[in-house]
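The values are calculated or read from the model by the stated rules, or taken from the named source; none is laboratory data. This one's a predicted model, so the numbers in the text were calculated from it and none came from an experiment. In this analysis, Cβ positions are derived from the backbone assuming ideal geometry, glycine residues included, and neighbour counts consider all displayed protein chains.
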Amino acid sequence: MLIGLQNVTFEFGARAIVEDATWHIQPGERIGLIGYNGTGKSTLLKLLVGQYTPSKGTVEKGRDTTIGYLHQDLLSFDTSETITEVALGAFERVRELEKEIEELGKELEANPEDNDILIKYTDALHEIDVLDGYNIEHKAEEVLHGLGFTNKDLTRPYKEFSGGWRMRVLLAKMILQAPDVLLLDEPTNHLDLPSIEWLEKYLLHYKGSVVIVSHDKFFLNKMVNKIVEVYQQQLNFYTGDYAYYEVEKVQRVEIQQRAFENQQDYIRQQERFIERFKAKASKAAQAQSIQKRLDRLDVIEDVQIERPNIRINFAVDKTPGKVLVDLKGISKSYPAQTILNNAFAEIERGDKIALIGANGKGKSTLLRIVAGMESHEGERVWGHNVDESFYAQHQLESLNLNNTILQEVQECGTKKTDLELRALLGCFLFGGDEIDKKIRVLSGGEKARVALTKTIISKANFLMLDEPTNHLDMATVELLAEALTKYDGSIILVSHDRYFISKTANKIWEIEDEKIIEFKGDYAEWVAWKERMAKQKAANPEAAKQTPKPVEKKVEPVTAEVKTGPIDKEHQKLVQKLQKQIAQLEEKMGQTQSALKSIELKMADPTIYSDIASFQLIEKEYQLKQQELHRMNQDHDQLFSELLELEAK
């Protein structure tokens, strides 16, 4: 164990965050720490690093365990050093050795015969060599480049950068320190898509353990092999990625609900017997025995849903013309950068466009041009009957600070009742008396959620959304994505949340070579197309330069090329071997599924719940079989992919 909690209870005032929680982080684990907003994920990280002290229990840590902790409070750090110097601060021992070697070198020049100085000098050279100290500048530059910094940025002072870019520098420093455990609180919030993808690749090969708090499902699915869920003041553990957690969570809830209902049936039966026979002399002793058994029974809790299953619905008042926005010969430049140069694009009725790419390419600038909020050269033509609504962080400034949250959304002029508005605000994490808070006392994230709520209830037929999922938890992102999928209007959005983009967009826009490149297809198709283009470019760079991008055609699935000619016996053997492995695995999967059905039959018997120990054994066996089946499904997918690759050769 590297670090962990042992029987920890921690409260904020009268509210318990966790009760009697035990969690040990082992070497090599990549853990996703999840839970609804406000359940205490960040608090748990602070407990692990000792910023908070538990009310009960202990925080345990290995003697030599090193911890890196990335969190929002780090932004209070400021310095005039360059970002490269800040990142190089990760190599404290190497920097000490560099100074030591320099001083010892001077002493040796003055006393060339001093053997003690020579030994110290040689030892220091050896240690810096072992620590790979001669490559620290290269390592720092590599990580900073991966996180989106240019060569020019490397010599700029840290204090010149905005909060999001500063957080990237501090993340780079933490990665370079290579601690045994990395605790990352929302690391993707300040990253664009290329930087998120780089971080994924880096962390997948990271030798230490990683704990990640994130609302990015794509990121969690790629990164983690274990989920720890904060739920009802307890920690629940799932061995798998986020997709596995989603399936397993439903199954566990169903099992617990069945167990609760069956145990309640059993209790009612026993209580009826006691009530009927407690006064009868011949049955009184038996009734007392049953009562004692009930008193000792570990009662199974009823399933409680922490958030109501509410849906967000958009309404559209009027239908626009075929073309909502026509961009003709748009040019936009800043003194140090050209964003667009004579660019053309159209947004048509029914388009749901994701505007994606690296930070600094001008995504938000283009969105503001579409909205008519940014000066530019060229012509932006607004379509017929377009009723637009724009959401961005700066919309927060237009909120009335003296209004309550409910009053602010009431003033949007919709015909929604207060009950409907309360339900919608609940989706955006404002529950109970919170809707009576004044806007002036809200945090930046809370104000952003109010502004987004106002955008949604506007009944517009064209939505322009700049990072709408910031400050939302996973459940709310899911609700918003579902609503936008059903939305009858058109959308253009900027987001780095790949799950959200994959659920909502039917077109992708990229700014490339100062032009707007349109791809007609969803995010998965766009990724597949980009990968194919990259492979073609690697195979034939000159031909790739001459191949125009398919901006007008949706990417069709690639079909495997059928080879003709003499059969390669070795190739055939490999194919047959994989086919045999798949068949054997499918047989085992069938056996495991049968075993699961058999266990479910046992769990359907109400009498089993009279003995909590027996029930717990069966429940554990059921979970182990589920995990076994999940692993076999993953192995099956891997083998099948390998078979397809072989058959395509």
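Can you name every one of the helices (runs of 4 or more DSSP H) wholly within the range 84-146 that holds 2 or more residues which are touching a residue at least 40 places away in the same chain (Cβ under 8 Å) and closer than 27 Å to Gly164 by Cα?
Output list reads 136-146.
Only one residue in Leu44, Leu5 is outside any strand (DSSP E or B) and crowded, with 21+ Cβ neighbours inside 10 Å. Which one?
Going through Leu44, Leu5 in turn, the sole match is Leu44.
For residues that are in contact with a Lys or Arg (Cβ under 8 Å, 6 or more places away or on another chain) and not in a helix (DSSP H, G or I), scanning just the range 420-431, find the one that is surrounded by the fewest Cβ atoms within 10 Å (Cβ to Cβ).
In this case the residue turns out to be Leu429.
Here's a check for you: in the range 561-594, which residue that is within 30 Å of Gln263 (Cα to Cα) and within 34 Å of the chain's Cα centre (by Cα) is modelled with the highest pLDDT?
Thr592
Among (1) in a helix (DSSP H, G or I); (2) polar (S, T, N, Q); (3) closer than 16 Å to Ile312 by Cβ, there is one condition Gln407 misses while meeting the rest; what is its number?
Condition not satisfied by Gln407: (3).
Consider Ile227 against the criteria (1) surrounded by fewer than 17 Cβ atoms within 10 Å (Cβ to Cβ); (2) modelled with pLDDT of 90 or more: it satisfies all of them except one. Which criterion is unmet?
For Ile227, the failing item is (1).
Report, by residue number, each residue of the range 86-99 that is more than 30 Å from Gly4 (Cβ to Cβ) and surrounded by fewer than 17 Cβ atoms within 10 Å (Cβ to Cβ).
If the condition is that a residue be more than 30 Å from Gly4 (Cβ to Cβ) and surrounded by fewer than 17 Cβ atoms within 10 Å (Cβ to Cβ), then Arg95, Glu96, Glu98, Lys99 are the ones that fit.
Those residues that are over 9 Å from the mean Cα position of the chain (by Cα), under 17 Å from Ser42 (Cβ atoms) and not in a strand (DSSP E or B), I need them from the range 208-249; list them, please.
The answer is Gln233, and nothing else.
May I ask you to say which residue of Leu191, Leu154, Leu184 is under 23 Å from Ile3 (Cβ atoms) and not small (Gly, Ala, Ser)?
Only one candidate qualifies: Leu184.
Identify, from the list Tyr52, Tyr36, the residue that is part of a loop (DSSP other than H, G, I, E, B) and at pLDDT 90 or above.
So the residue among Tyr52, Tyr36 that is part of a loop (DSSP other than H, G, I, E, B) and at pLDDT 90 or above is Tyr52.
For the range 106-114, state whether one or more residues are farther than 30 Å from Val169 by Cα, modelled with pLDDT under 90 and hydrophobic (A, V, I, L, M, F, W, C).
Yes, some residue in the range 106-114 is farther than 30 Å from Val169 by Cα, modelled with pLDDT under 90 and hydrophobic (A, V, I, L, M, F, W, C).
Does the range 65-72 contain at least one residue that is surrounded by 17 or more Cβ atoms within 10 Å (Cβ to Cβ) and at pLDDT below 90?
Within the range 65-72, one or more residues are surrounded by 17 or more Cβ atoms within 10 Å (Cβ to Cβ) and at pLDDT below 90.
Only one of (1) touching a residue at least 24 places away in the same chain (Cβ under 8 Å); (2) exposed (fewer than 14 other Cβ atoms within 10 Å of the Cβ) is not met by Asp185, so which one is it?
Going through (1) touching a residue at least 24 places away in the same chain (Cβ under 8 Å); (2) exposed (fewer than 14 other Cβ atoms within 10 Å of the Cβ) one by one, Asp185 breaks only (2).
Go through (1) within 27 Å of Gln72 (Cα to Cα); (2) touching a residue at least 24 places away in the same chain (Cβ under 8 Å) one by one and return the number of the condition Glu248 breaks.
(1)
Six or more apart or on different chains, Cβ atoms under 6 Å: show the pairs whose first residue is in the range 370-395 and at pLDDT below 90 and whose second is of a type outside the set (A, V, I, L, M, F, W, C) and part of a strand (DSSP E or B).
Ala392/Asp466
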